[in-house]
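**Q** Pasting in a structure now, in structure tokens, and then I'll have a few things to ask.
What follows draws every value from the coordinates through simple rules; no lab data is involved. Not measured: the values here are computed from a predicted model. Positions of Cβ are generated from backbone atoms using ideal geometry, with glycine treated the same way; all protein chains shown enter the neighbour counts.
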Amino acid sequence: VLGVRDPIDFAVSLYGNIVAHGNRPPDIVATMSSYDWHLTPTACLHIGLGNQFITRRILELCEALSDRLLIYDFRFFSQSPLPVLTAIESFLGLKPFFNENNVETAKINASGRRDFLGFNKLIANQRVLETAYRLLPKSSIRAIRKALERLSVAKLDKQNPTPDKNPIAVESLAALEELLRKDQTYYHQLFESSPIVLGSDAPSPQQHHV
């Protein structure tokens, strides 16, 4: 199951997440073009969204998995999660569980949430995580996470009704749109007929001229 986000929205959100973890990356275009995000002292994630990276990754998965891959539009999911969840249940052959009464809609990981910078740095340390999982029961870890999520959501509800709007300069956004223009075109083509598609129904490289 693959969720695909609008490339511009994804890049802006990723940039905000990098900053929220106490990093000082270059401008957003330079960061999305090539940047090494040191997640922990021993783990580094290389970011490079140029050269139609998003389109190529989607097509590679489609080619490898075909109709064994379910793809959904993240924007549609954020607005209407239930149809996506029920589609995933059906795709996986699961007994129906989700309904309009048990779907959580709080945006617990949205841009604009309250950032606990010191805590973010702490949990980025792999040794700290390993120690916590070794010493604390899973129920305590879940309780701590839920408490932090509630605090984050409280800020979104009170201070930031449109959490996904990031203060990126207009000039930077224009350059970012140029960097991701072909990926964004493919994103719209992918969900042109439906917000939920199988990998076998995705536009082929020949149709898209990748």
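**Q** Obtain the nm distance between the two label points defined at residue 181 and residue 27 by a simple spin-label model: each point lies 7 Å from its Cα along the Cα-to-C-beta direction.
**A** Placing both labels 7 Å along Cα→Cβ, they lie 1.7 nm apart.
**Q** Along the range 21-26, what does the Karplus equation 6.51 cos²θ - 1.76 cosθ + 1.60 (θ = phi - 60°) give for ³J(HN,Hα), rounded to whole Hz, x for Gly and Pro?
**A** Values per residue, Gly and Pro as x: 8, x, 8, 10, x, x Hz.
**Q** Oh, and also: Which FRET efficiency, nearest 0.05, do residue 169 and residue 39 yield, Cβ-Cβ r, R0 25 Å? Kindly include the intermediate steps, with their values, before the conclusion.
**A** Numbers: r = 26 Å, r/R0 = 1.05.
That pair, residue 169 with residue 39, gives E of 0.40.
**Q** Now for a different question. Going 7 Å from the Cα of residue 130 in the Cα-to-Cβ direction, what parts of the range 33-49 have a backbone nitrogen less than 15 Å from that spot?
**A** 40-43
**Q** State to the nearest 20 debye the size of the charge dipole of the range 1-106 about its Cα centre, where the only charges are +1 on K and R beta carbons and -1 on D and E beta carbons. Working shown, then result.
**A** Working: 7 positive and 11 negative charges, 31 e Å.
Once rounded to the nearest 20, the dipole reads 140 debye.
**Q** For the range 130-144, what does the Karplus curve 6.51 cos²θ - 1.76 cosθ + 1.60, with θ = phi - 60°, yield as ³J(HN,Hα) per residue in whole Hz, taken in order and with x for Gly and Pro?
**A** Working through the residues one at a time gives 4, 5, 4, 5, 7, 9, 9, x, 4, 4, 5, 5, 5, 5, 5 Hz.
**Q** Given H placed on each backbone N at 1.01 Å, which residues far from residue 39 in sequence or on other chains put an amide H within less than 5 Å of it?
**A** Amide H neighbours of residue 39: 44, 45.
**Q** Please list the non-local residues whose amide H lies under 5 Å from the amide H of residue 5, H modeled 1.01 Å from N, same-chain partners needing a gap of 5 or more.
**A** 74
**Q** What number comes out for the charge environment of residue 52, summing +1 per Lys or Arg and -1 per Asp or Glu over other residues with Cβ under 10 Å away?
**A** Values: positive: 56, 57, 181, 182; negative: 183.
Counting the neighbours of residue 52, the net charge comes to +3.
**Q** Give the peptides 26-35, 192-201 in descending order of average Cβ contacts within 10 Å, highest first. If you can, show how the numbers build up before the last one.
**A** Working: 26-35: 17.8, 192-201: 15.1.
Highest-to-lowest ranking by the protection proxy: 26-35, 192-201.
**Q** Rounded to the nearest 0.05, what FRET efficiency is calculated for residue 188 and residue 60 with R0 set to 22 Å and r the Cβ-Cβ distance? Before the final figure, lay out each step's value.
**A** Numbers: r = 20 Å, r/R0 = 0.89.
Given R0 = 22 Å and the Cβ-Cβ separation, E is 0.65.
**Q** May I pose another question? What spacing in nm lies between the two simple spin-label points modelled at residue 91 and residue 20, each 7 Å away from Cα in the Cβ direction?
**A** 2.4 nm
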